[in-house]
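A short worksheet on the structure shown next.
Just so it is clear, none of the values below were taken in a lab; they were calculated from the coordinates. The shown structure was predicted, so the numbers you read here are calculated from the model rather than taken from an experiment. Virtual Cβ from ideal backbone geometry, glycine too; neighbours counted across all protein chains shown.
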Amino acid sequence: MEIVVMQGSLLDADADVIVNAANSLGLMGGGVAMVIKKTTGDAVEEEAKKNAPIPVGKAILTTAGNLKFKGIIHAPTMEIPGIRIPLVSVGKATKAALKLADEHGFSAVAFPGMGTGVGGVKKDAAANAMIETIQDFKAQSLKKIILVDVDEEMVDAWKIAIASKK
């Protein structure tokens, strides 16, 4: 699988689907989720809430509303909104999103920094957990993983993590 790291908006990624670092309740009130909700309106959040509770380590696929993507993968890093999370949740959510994207036959998926906003995980730790999980994943249909964030520190953390795992 090709891993592409870039700075910018998740909503501009050239991917089949994007990942929302969600909470188990499907509420989209903060971080990347709030940006997605502001762009798509309430429909995507309502769809996610219908599937709640979504355990950490599982993921669901919703429509993408008016976005260009084939769907949005909601991969919870936290049970309830606004809590600090353990690092292990980053790997669990990343793996769940990869698995769901692969099962649905998508070839490209875009991730933001998982758990680094509201979840409070240090960017370098999250980057290492994400890269390790991606490199360990045995994909059938996924060809490209796009790691994209507006935060330059997160982008740099991914680059360092990739370089250290070569």
Output ordering of 148-161, 102-115, 130-143 (per-residue mean of other Cβ within 10 Å, highest first) is 102-115, 148-161, 130-143
Of the labelled options [x] 9, 37, 35, 13, 4, 1, 0; [y] 10, 29, 25, 19, 11, 5, 1; [z] 12, 46, 37, 5, 0, which one gives P(r) over Cα pairs in 10 Å bins from 0, in percent as computed for this structure? [z]
Label model pair LYS68, LYS143: point-to-point distance (7 angstrom along the Cα→beta-carbon line) in nm is 1.8 nm
In nanometres, what is the gap between the two model label sites at GLN7 and MET34, each 7 Å from Cα along Cα-to-Cβ? 2.2 nm
In the chain, with Lys and Arg counted as +1 and Asp and Glu as -1 at Cβ, which of these residues, ILE162, VAL35, GLY8, has the Cα nearest the positive end of the dipole, that is, farthest along it? ILE162
Would you mind computing, in nm to one decimal, how far apart the modelled labels at ILE160 and ILE83 are, each placed 7 Å from Cα along Cα→Cβ? 2.9 nm
